[in-house]
Amino acid sequence: MSRALVTGGSGVIGAAIAHALANAGHHVTIHAHGQIARAEALAAAIIAAGGAADAVRFDLTDAAQTTASLAQILEAGPIQILVNNAGIHDDAVLPGMRPEQWSRVIDVSLNGFFNVTQPLLMPMIRTRWGRIINISSVAAVMGNRGQANYAAAKAGLHGATRSLSLELASRGITVNTVAPGIIASPATETIFPKEAIAKLVPMQRAGQPEEVADLVAFLASERAGYITGQLISINGGMA
């Protein structure tokens with residue numbers, strides 16, 4: 001049984017990914033910061049269904065706190081599947097964007113990626129098997145008004161993915177990015193009414209969290225061992 005860590009696991013997509021990895025037989029550690037109760041409830045649901053899971057809380061923008069939390073996790077063995085899913089929105093058009101809006105969004109998605117990934121690499125390398133999947137967004141592929149900070153943060157993951165994949169390819173570790181489009185959730189139902197989705201998405205529907213999770217679970221499997229350094233979009237034909 002491989003051990004997996006899903007950051008931002010209390011959200012809709014993160015929860016679906018956690019379930020999919022647990023269903024594939026992995027022990028899943030579900031990370032949260034502000035929503036630890038939801039992460040704990042998700043872990044309990046996975047265990048009740050016969051899977052293996054636990055929840056952990058830390059602020060991944062705090063490097064020292066993150067390193068300390070990961071050290072505790074690593075006491076039970078290396079993490080071989082890492083899904084960097086955490087990210088936040090703080091939207092504003094750039095002429096009106098406050099410096100803290102820019103910094104905070106970059107800090108969670110991009111600096112958080114480094115703070116979580118870097119301490120896990122050497123233990124993963126020693127096993128000579130691993131899967132790192134970074135969750136991006138169609139906003140980083142196409143751009144989106146009011147989301148220069150979010151698009152920049154997620155696009156930064158694309159370059160990091162490509163470079164890290166080259167560093168780890170000979171060690172049996174793959175590194176890929178998944179870029180979802182409009183995915184069904186309570187938030188997207190408010191932001192994107194059905195008429196808007198029909199105009200934006202050639203398939204004329206929102207994607208389901210489980211569709212993203214199935215893709216991530218495949219990339220985390222043995223079958224995806226020859227796929228690395230790739231940016232894979234799942235957006236119904238938007239881009």
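Quick notes on this one:
- For the stretch 232-239, putting each phi into the Karplus relation 6.51 cos²θ - 1.76 cosθ + 1.60 with θ = phi - 60° gives couplings of 10, 8, 9, 9, x, x, 5, 8 Hz, in residue order, rounded to whole numbers and with x for Gly and Pro.
- Residue exposure proxy: Lys199, Lys154, ordered by other Cβ atoms within 10 angstrom of their Cβ from fewest to most, comes out as Lys199, Lys154.
- Amide H to amide H, with H built 1.01 Å from N, Ile173 comes under 5 Å of Gly130, counting only residues 5 or more places away or on other chains.
- By the count of other C-beta atoms within 10 Å, a proxy for reagent exposure, Val175, Val93 are ordered fewest to most as Val93, Val175.
- Of (1) 34, 23, 16; (2) 24, 21, 18; (3) 27, 20, 19, the label for semi-axes √(5λ) of the Cα gyration tensor in Å derived from the coordinates: (3)
- Rounded to the nearest whole Hz, the Karplus-based 3J(HN,Hα) values (6.51 cos²θ - 1.76 cosθ + 1.60, θ = phi - 60°) of the stretch 154-162 follow the sequence 6, 5, x, 5, 4, x, 5, 4, 4, with x at glycine and proline.
- Shown in residue order for the stretch 131-139 are the 3J(HN,Hα) couplings computed by the Karplus curve 6.51 cos²θ - 1.76 cosθ + 1.60 at θ = phi - 60°: 9, 10, 10, 9, 8, 9, 6, 4, 4 Hz (x for Gly and Pro).
- Distant-in-sequence amide H partners of Val28 (H built 1.01 Å from N, under 5 Å): Ala4, Ala52, Ala53, Asp54
- Under a 5 Å amide H cut-off, with hydrogens placed 1.01 Å from N, Leu82 pairs with Leu5, Arg131, Ile132, Ile133 among residues at least 5 apart or on other chains.
- Gaussian network model of the chain, Cα within-10 Å springs - most flexible of Ala196, Ala153, Ala16: Ala196
- Sorted by Cβ density within 10 Å, fewest first, the residues Tyr150, Tyr226: Tyr226, Tyr150
No lab work stands behind these numbers, since they all come straight from the coordinates. Only a predicted model underlies this, so the values are computations on that prediction, with no experimental measurement involved. Cβ sites come from the backbone with ideal geometry, for glycine too, and all protein chains shown count toward neighbours.
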